[in-house]
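Accompanying notes for the structure given below.
Here, each number is a calculation from the coordinates, and none is a lab measurement. These numbers come from a predicted model, not from an experiment. A quick note on method: Cβ atoms are made from the backbone with ideal geometry, for glycine too, and the neighbour counts reach across all protein chains shown.
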Amino acid sequence: MAAERSPQSLWRAAAEKLATADFLLVATGAGFSADSSLPVYADIAKVAAYEQMDVEYQDLCDPFMLEQDEEIFYGFWGSCTNSYRDAKHHAGYEILRRWRDAMKAKATATTGSSQKEKQSAFRAAFERLKQCGDLPRGVATDSVTNDPFFIYTSNVDAHFRRDFDGKEIYELHGSVETWQCAGDVETGAREPCHKIWKLPADFRFDLDVTTMRAPGADATTCPECGGKGRPNVLMFHDRQWIGNVSEENGYIAWEAVIELLCLKSAVELGLVPYSL
């Protein structure tokens with residue numbers, strides 16, 4: 001039976017893999033935010049006020065709560081938003097920035113190509129895939145990063161946007177920093193307005209931490225119809241969420257182009273018997 005490897009040896013093996021990688025796709029979830037002292041989903045509703053109301057995370061993170069108890073809904077999301085904005089980054093974000101920069105530098109050093117030549121190669125692969133119908137309709141090359149690095153995250157705290165280019169990020173569940181019209185939550189009879197908006201940088205929810213209630217505000221009101229707004233976050237039983245199509249398309253296009261470029265490199269090195 002093989003001896004169990006120490007954590008140090010596993011870390012070293014992972015580091016060696018990263019050092020030889022041609023590109024890096026980083027997938028993160030709530031655990032990555034936990035080191036910034038933000039609660040994971042299992043703990044987010046462990047608050048005295050919620051326990052007294054006998055509600056759990058699934059009840060709070062549900063669009064129907066906006067109709068059932070508006071102040072509890074805004075209190076929950078206000079608590080999340082305020083704490084996300086107050087939280088400082090842990091060291092993991094700086095590590096990822098260093099990995100990204102090293103990956104970009106390596107791509108240039110390995111190929112001997114300038115940034116302009118890299119962009120040209122990326123654009124050529126992009127156009128080829130587009131002509132073949134292998135990219136989402138409407139996606140443009142200037143909306144997709146040509147760097148060999150991408151972040152795919154289910155976190156809704158928007159922390160990656162503090163230090164990474166928006167083209168490098170796909171927040172597949174949305175973000176509390178972006179809001180949308182709620183529409184008719186209870187019956188679904190009225191679709192939400194399609195305009196989404198950002199919360200003002202200096203905005204804070206007026207949260208009563210004892211009752212976990214907060215009123216709505218101008219910043220949470222739909223600018224199109226004047227109705228109730230909600231975070232542009234995918235919730236439980238959510239039929240009114242406006243999906244993040246532009247980020248999703250950017251990720252799909254980036255992945256497709258990177259795969260094609262990797263295949264092209266493998267062919268040129270004689271590793272793959274395939275003619276492009």
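Odds and ends about this structure:
- Nearest 10 degrees, 0 to 90: helix 91-111 Cα axis against the chain principal axis: 30 degrees
- Qualifying trypsin sites (Lys or Arg not before Pro) for the stretch 1-70 [loop in DSSP, other Cβ within 10 Å: at most 11]: ARG5, LYS46
- LEU24 long-range amide H proximity, modeled H, under 5 Å: PHE149, PHE150
- Taking every DSSP helix (H) stretch of at least 4 residues in the chain, weighting each as -39,500 (n - 2.57) and dividing the sum by the residue count yields a mean residue ellipticity at 222 nm of -13000 deg cm²/dmol.
- Mean projected area in nm² (Cα convex hull; one quarter of hull surface) for the chain: 19.9 nm²
- Placing unit charges on the Cβ atoms only, positive for Lys and Arg and negative for Asp and Glu, gives the chain a dipole magnitude near 1440 debye about its Cα centre.
- Across the stretch 13-134, the mean sequence separation of Cα contacts (distance under 8 Å, 6 or more residues apart), normalised by length, yields a relative contact order of 23 percent.
- Using only side-chain charges placed at the Cβ, +1 for Lys and Arg and -1 for Asp and Glu, the dipole size of the stretch 134-216 relative to its Cα centre rounds to 180 debye.
- Counting only alpha carbon atoms, the long axis of helix 245-268 and the longest principal axis of the chain meet at about 20°.
- Nearest 10 degrees, 0 to 90: helix 115-131 Cα axis against the chain principal axis: 80 degrees
- Karplus-derived 3J(HN,Hα) values for the stretch 54-60, using 6.51 cos²θ - 1.76 cosθ + 1.60 with θ = phi - 60°, are 6, 10, 10, 4, 4, 6, 6 Hz; glycine and proline are entered as x.
- ³J(HN,Hα) computed for each position of the stretch 68-80 - Karplus, 6.51 cos²θ - 1.76 cosθ + 1.60, integer Hz, glycine/proline x: 6, 7, 4, 6, 5, 4, 5, x, 5, 6, x, 4, 4
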